[in-house]
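Below is one structure, written out as structure tokens; comments come after it.
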């Protein structure tokens with residue numbers, strides 16, 4: 001009996017999917033149980049990144065991607081990017097980090113969860129909606145989903161992984177769809193940092209106004225379509 005148990009255990013440990021699942025759990029636990037959780041604090045993140053000098057951009061992109069893969073909200077990263085790197089560099093770093101994280105989460109979902117999810121959630125209305133949208137116009141569906149605030153970004157990544165979408169429309173649609181939000185949040189971070197240093201707060205107010213308009217615009221368009 002014991003020999004059979006250890007044989008099964010060795011087989012499980014040798015399974016590639018099981019190894020990746022263990023790595024994912026390790027990343028989550030490591031993030032929350034180590035000093036790395038400080039990056040969820042805006043002030044701590046803004047202090048930590050510049051201390052790495054020329055490596056700060058690489059560290060930011062890596063943290064952004066890992067946080068997205070393990071399901072941590074990443075808006076704080078986008079806001080901080082504008083304050084630390086400036087508006088345009090902050091936008092570029094945020095888009096790159098978000099796209100890398102979206103690819104990682106989608107791949108993880110497809111590689112680990114898809115067979116089980118197809119059996120368990122094949123009749124789920126949201127998953128069926130994603131499947132139909134991808135079958136019709138994959139690229140435009142991804143863009144529309146990314147622009148919509150209805151579904152959390154991290155959830156979208158895993159939902160897309162459960163579909164048959166190809167990587168090209170997924171990544172291209174993700175980049176196009178997240179650019180407006182990246183501009184808005186990086187703009188808020190950049191102008192907010194300037195305002196805290198005693199400069200005019202007008203740009204900050206304009207940035208917040210742009211973010212508010214961007215947040216309600218998809219809902220307004222959706223309401224007009226249903227009338």
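The values are calculated or read from the model by the stated rules, or taken from the named source; none is laboratory data. Computed from a predicted structure; not experimentally measured. Cβ atoms come from the backbone with ideal geometry, glycine included; neighbour counts cover every protein chain shown.
Condition check ((1) within 15 Å of residue 191 (Cα to Cα); (2) within 9 Å of the chain's Cα centre (by Cα); (3) in contact (Cβ under 8 Å) with a residue 40 or more places away in the chain) across all residues:
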{"position": "68", "(1), (2), (3)": "no, yes, yes"}
{"position": "73", "(1), (2), (3)": "no, yes, yes"}
{"position": "83", "(1), (2), (3)": "yes, no, yes"}
{"position": "89", "(1), (2), (3)": "yes, no, no"}
{"position": "93", "(1), (2), (3)": "no, no, no"}
{"position": "96", "(1), (2), (3)": "no, no, no"}
{"position": "99", "(1), (2), (3)": "no, yes, yes"}
{"position": "108", "(1), (2), (3)": "no, no, yes"}
{"position": "112", "(1), (2), (3)": "no, no, yes"}
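Of all the helices (runs of 4 or more DSSP H) wholly in segment 42-154, which have at least 3 residues that are modelled with pLDDT of 80 or more and under 22 Å from residue 179 (Cα atoms)?
Correct list: 56-69, 75-85, 87-108, 125-147.
Given the conditions (1) over 26 Å from residue 156 (Cα atoms); (2) in contact with a helix residue (DSSP H, G or I) (Cβ under 9 Å, 6 or more places away or on another chain), and given that residue 54 satisfies all but one, which numbered condition is not satisfied?
(2)
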